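The values are calculated or read from the model by the stated rules, or taken from the named source; none is laboratory data. None of these values were measured; they are calculated from a predicted model. A quick note on method: Cβ atoms are made from the backbone with ideal geometry, for glycine too, and the neighbour counts reach across all protein chains shown.
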Amino acid sequence: MQCNPIFKATYTRLVQSGKPKKVAIIACVRKMVVILNSMLRDGVMWDENIARN
């Protein structure tokens, strides 16, 4: 979460809104899994613009 600005922003937003840190981490991991699954399905490389949505 620390190295990727997209996941870091999601994590920070969730923690600032009052979510426990472990919940925020799991939410970021789930977001990452969904993005990676769609990348495998579509056969595309990492695109930061797609991950922002």
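Scanning the range 1-29 for residues that are at pLDDT below 95 and loosely packed, with under 11 Cβ neighbours inside 10 Å yields 2, 3. Scanning the range 30-51 for residues being surrounded by 10 or more Cβ atoms within 10 Å (Cβ to Cβ) and either among the aromatic types (Phe, Trp, Tyr) or in a helix (DSSP H, G or I) (or both) gives a total of 13.
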